[in-house]
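Laboratory data are not the source of any read-out in this text; all were calculated from the coordinates shown. Fair warning: this is a prediction, and the values are worked out from it, not measured in the lab. Methodologically, a virtual Cβ is constructed for each residue, glycine included, from the backbone with ideal geometry; neighbour enumeration extends over all protein chains shown.
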Amino acid sequence: MAKAMLIDPSMCFFCNACSVECKQQNSVPIGKNVFLTQMVIHEAGKFPKVKQRFIKRACNHCTDAACVDVCPTRALYHHKDGYVVLDQSRCNGCGYCSQFCPFQIPQLEIMDTFSGTARSHKCTFCAERVGQGYETSCAAACPFGAITFGDREKLIAQGQARVKALQSRGATEAHLYGEKELGGLHVLYVLEQRPGYYGLPENPRYPAIPKVLDAVKVLGYAALGATVVGLGVNWVIARRNIRAEEGAEKEEGKSHE
Amino acid sequence: MNKKIKGSQFLVIFSFVQRLVHWVNFIGFMLLMITGAFLFAPPLQGLVVGPAGWLSRAGHRWGAIIVGVAAVLYVFFDPKGFWRSMKEIFTWGEIDWKWAQAAPRYYFYGDESGMPPQGRFNTGQKIFYLTYVITLIILGATGLVMWLGKGSVSPTLFQWSVLLHDLAAIVITAFFLVHLYLAMAHPAMRPAMDAIRFGFLPKDYVKHHHARYYEKLFPQKSKEA
């Protein structure tokens, strides 16, 4: 059964309990600009009519996850419950995940710029807790019910009900984000405004390059294979012919003597 | 480089700096090719998991530095040779087309009857050298983007860099295999290995295989002949 989280910024008070609990649960390095989840403020309007929207920014656990496809060491993979796991012991710090993510979520902690020693960080979906039947730590920490953990199907229904409630209260733009995006996110958002208002991409797209890279790998094997075969054929033919010719030349030389 | 050793039957083809640059390049290139293949080819990717990957990626950077140092060495210690080689590999004409037509018969059958007279680099050598220079520039530029650009360049530029880096690497690896094969295995190419190791070639060989270059060195003699 696919698991998910439902984020409802309209219930959020920016208390940061989620990000604090997350740091504690997941042993996030302290004193570095690394967050597995982070509260972000988006301001809109001009003084005095300023509005702030808060949103929890973290991995959205896409079904069509570019990071999983570009990771060369399979440190990133899909859990059977749908979310994306990062196994840091397999990560070699290439940083492709951070550059191919449509939401630009994974953070690369670079320990040494010269040698490239680095490792990637992103939301773990509290895989250990979830595996034992608990909810994610951010959901457990949220005092206002802005983060709900559960089965994805149920959360979609719950989110749609919430959207309707918001719409009936005059939030005409309210909608559920993440149901269809990128094959279905495992983090769903009830948004009162357009996604851009919260710093989310309006229409997140799976980048084009990873598929091209797969084709390039096939092309690479084919090109190098053909080269090796071609050279082998050349060697066999050239050796026979050139030897035969040299032999003929020698014999010619002898007969002239 | 075009020095003639008096009274000798040998011609100096490559200067000391040129040979040094070649072999420094060779070391760097091998390092780059091997560590690059680890990241590129899925069957090898299991070797660069975690800290092993840090080592491999650091090796790839050292390889890049070695190749970069080789280029700088060449430009600073043998600028004349460098610019002359550059000029030669960017000069293309009808003779190269004729070479391409005659080449299969030569490389498969040792039949050199159709081969037009060649300069210091023949057409095939020019193709390899030019490809190396062009792919090296592409690999260097895209490599620097991936090395130092994470976070400061747009993800789109980074993604295109990965793609171009892969493509250029495939091209130069294929050409390198041909280069290695011709230098080490092809039955008709043995003397080339002496030129790049010791710098000189037999006078007769040059006259035979690089006739235009020989004519440049010894204009009158060839007229007499």
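Here the simple spin-label model places points 7 Å from the Cα toward Cβ, and for residue B:113 and residue A:49 these points are separated by 9.1 nm. Considering only Cα-Cα distances, which of the following residue pairs are longer than 18 Å: A:32/A:122; A:3/A:23; A:122/A:180; B:80/B:203? Those over the limit are A:3/A:23; A:122/A:180; B:80/B:203.
The dipole here belongs to the stretch A:3-205: it is taken about the Cα centre, uses +1 on the Cβ of Lys and Arg and -1 on the Cβ of Asp and Glu, and is about 400 debye.
Please work out the Cα center distance from the stretch B:48-75 to the stretch A:106-178, rounded to the nearest Å. First find each Cα centre; the distance between them is then 40 Å. For the protein assembly as shown, A:12, A:15, A:22, A:62, A:71, A:91, A:94, A:101, A:126, A:142 stand unpaired, since no other cysteine beta carbon lies under 4.7 Å from theirs. Farthest towards the positive end of the charge dipole of the protein assembly as shown, among the residues A:224, B:134, A:2, is the Cα of B:134, using unit charges on the Cβ of Lys, Arg, Asp and Glu. In the stretch B:1-110, taking the dipole from charged Cβ atoms about the Cα centre, the farthest positive-side position among B:41, B:30, B:58 is held by B:30.
Averaging over all projection directions, find the projected area of the Cα convex hull of the stretch A:3-205 and quote it in nm² with one decimal place. Numbers along the way, then the final one.
On the way: hull surface 49.1 nm².
Its average projected convex-hull area is 12.3 nm².
Measuring nothing but how far apart in sequence close Cα pairs (under 8 Å, 6+ apart) lie, relative to its length, chain B scores a relative contact order of 26 percent.
Remind me, relative contact order of chain A in percent, using alpha carbon pairs under 8 angstrom and six or more residues apart?
Values: 417 pairs, mean separation 60.6, N = 257.
RCO, chain A: 24 percent.
Using the Cβ-Cβ distance between residue A:194 and residue A:229 with R0 set to 51 Å, the FRET efficiency works out to roughly 0.35.
Spatially, the stretch A:14-74 and the stretch B:169-197 are offset by 53 Å when compared through their Cα centroids.
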